[in-house]
């Protein structure tokens, strides 16, 4: 009989661990990633949403028809919005303007109202999303601000669920826990639980460059990774839990997240990239035979317009712009520039004489000639053969009378043909084949020139200048 769940909230938690197979070096420890984006709201913040609301209801701080006001980077808002939708509360979420449009649209999809504030201001500024949320909570009748930065329900949720799940899933075989720190609730709660079970477990905080946790108040600066790091010390964070910090740049966070999608098949957010990058550093530090667990806070779906977009990464200098591969036509054009007096395409008719072909080769210093039917050249079908200087030398040396033979008697199979629009890779692979010294270049099926190995070599040499 199929198991039924009373509401979607009963599906929160019990997320799986996935072993990373390709992104971790062979001589490093095992890295296991807890996939929190498989929660119904798509993030680890689902764990605290219902707990904060139900605690407020018990304490009489939130009553039927009330309004929930919360500063959030998006994920906590979704967790709260799901619970609020089932319980009939109004939601107003205040977000910094660095958050992705997908996150804003997602909150509105759950029926929430979203207020956007500038990110690059001090926390105490009246414009900051902390200050604006305070003001709204005071001004709106029946409003309640759960405040994930001060609410003890935040770390407690992870002490009660996340920590025990990791302990059970690893059967206690865990050497390090690596968490990307935001409010500090996850690392404080889960870390405390694991320390109680196994005091020697290493608890590591992963932090964006510019966050107060590893930069200090004097060196703080804005960063792009969303949902982690802070510019003040939240009350929900227990600093004594963290044994070691790893600072991760925006670039390393985003590049790691992109690698996770392409190499591990896991589409994760930027904070997950921070956590995985740090986890790999710890796995290398501890070495083979050790087990490192990290947590993926959310999915990469809200960031498709950001670091999963090549243009976004290029603009930030996080991705090197790959020069488009030159085409065959460009090589042909460069040849024309170098040899302006030589026709683009030199051919000989099948009914002309071998001696005439040799004269033509000498005149233009070429080593091969396409042979065409009756001198006509409207399509590749008119190219019926080829002459190569090495074959002609052998033929004439053995029989001087061969000079007076028709070209048709001396020709070899036609040269390989390639389209002018093909990338350079294609002509390279063709010209490096055995006994292939030249190719006929065609555009829309009509021959327009010949390229040789020498032509290609000269193009590549000048391209490096």
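Values in this text are rule-based calculations from the coordinates and carry no lab data. Because the structure is a prediction, the values reported are computed rather than measured. Because the Cβ atoms are built from the backbone with ideal geometry, glycine has one as well, and the counts that use them run over all protein chains shown.
Put simply, the convex hull of the Cα atoms in the range 109-155 casts, on average, a shadow of 4.6 nm². For helix 46-58, what angle does its Cα long axis make with the longest principal axis of the chain, in degrees from 0 to 90 and rounded to 10? Orientation of helix 46-58: about 20 degrees from the principal axis.
In this structure, residue 57 and residue 341 have a Cβ-Cβ separation that, at R0 = 60 Å, corresponds to a calculated FRET efficiency of about 0.10. Relative to the longest principal axis of the Cα atoms of the chain, helix 453-463 runs at roughly 40 degrees. Counting beta carbons within 10 Å around each of 166, 92 and listing the fewest first gives the order 92, 166. Sorting 47, 453 by the number of Cβ atoms found within 10 Å of their own Cβ, with the fewest placed first, yields 453, 47. Distance from the Cα centroid of the range 102-173 to that of the range 217-264 is 17 Å (rounded to whole angstrom). Counted residue by residue at 0.36 nm each, then reduced by the alpha carbon distance between them, the extension gain from residue 14 to residue 240 reaches 78.7 nm.
The stretch between residue 457 and residue 362, if pulled fully straight at 0.36 nm per residue, gains 32.1 nm over its current Cα-Cα span. To the nearest ten degrees, helix 389-398 and the longest principal axis of the Cα atoms of the chain are 30 degrees apart. Using a Förster distance of 41 angstrom, determine the FRET efficiency expected from the C-beta separation of residue 310 and residue 443, and round it to 0.05. Once the sixth-power term is evaluated, E becomes 0.85. Restricting attention to the range 328-463, close to 70% of DSSP beta bridges with both partner residues there are antiparallel.
Pairs of C-alpha atoms in the range 313-373 farther apart than 20 Å represent 51 percent of all such pairs. Computed on the Cα atoms alone, the convex hull of the range 242-331 gives a volume of 151 cubic angstrom per residue. The reciprocal of the average 1/r between distinct C-alpha atoms defines the Kirkwood hydrodynamic radius, which for the range 110-263 equals 17.2 Å.
In units of the rule-of-thumb radius 2.2 N^0.38 Å, the range 138-205 shows an alpha carbon radius of gyration of 1.34. Taking label positions 7 Å along the Cα-Cβ direction at both residue 21 and residue 285, the computed distance is 2.9 nm, reported to one decimal. Full extension of the chain between residue 435 and residue 101 gives 114.5 nm of extra length, using 0.36 nm per residue less the Cα-Cα distance.
Can you give the log10 of the normalised intensity I(q)/I(0) at q = 0.10 Å⁻¹, computed with Debye over equal Cα scatterers of the chain? Result of the Debye calculation: -0.74. Shown here is the pair-distance distribution of the range 195-265: with all Cα-Cα distances grouped in 5 Å bins from zero up to the longest one, the shares run 3, 14, 21, 20, 16, 13, 10, 2 percent. Packing-based ranking of 101-109, 81-89 yields 81-89, 101-109, ordered from highest to lowest mean Cβ neighbour count within 10 Å. For 379, 350, 73, the sequence from fewest to most other C-beta atoms within 10 Å is 379, 350, 73. For the range 328-463, the Kirkwood estimate of hydrodynamic radius, built from reciprocal distances between every pair of different alpha carbons, is 15.2 Å.
Histogrammed with a bin width of 10 Å, the alpha carbon distances of the range 46-144 distribute as 17, 49, 30, 4 percent, first bin at zero.
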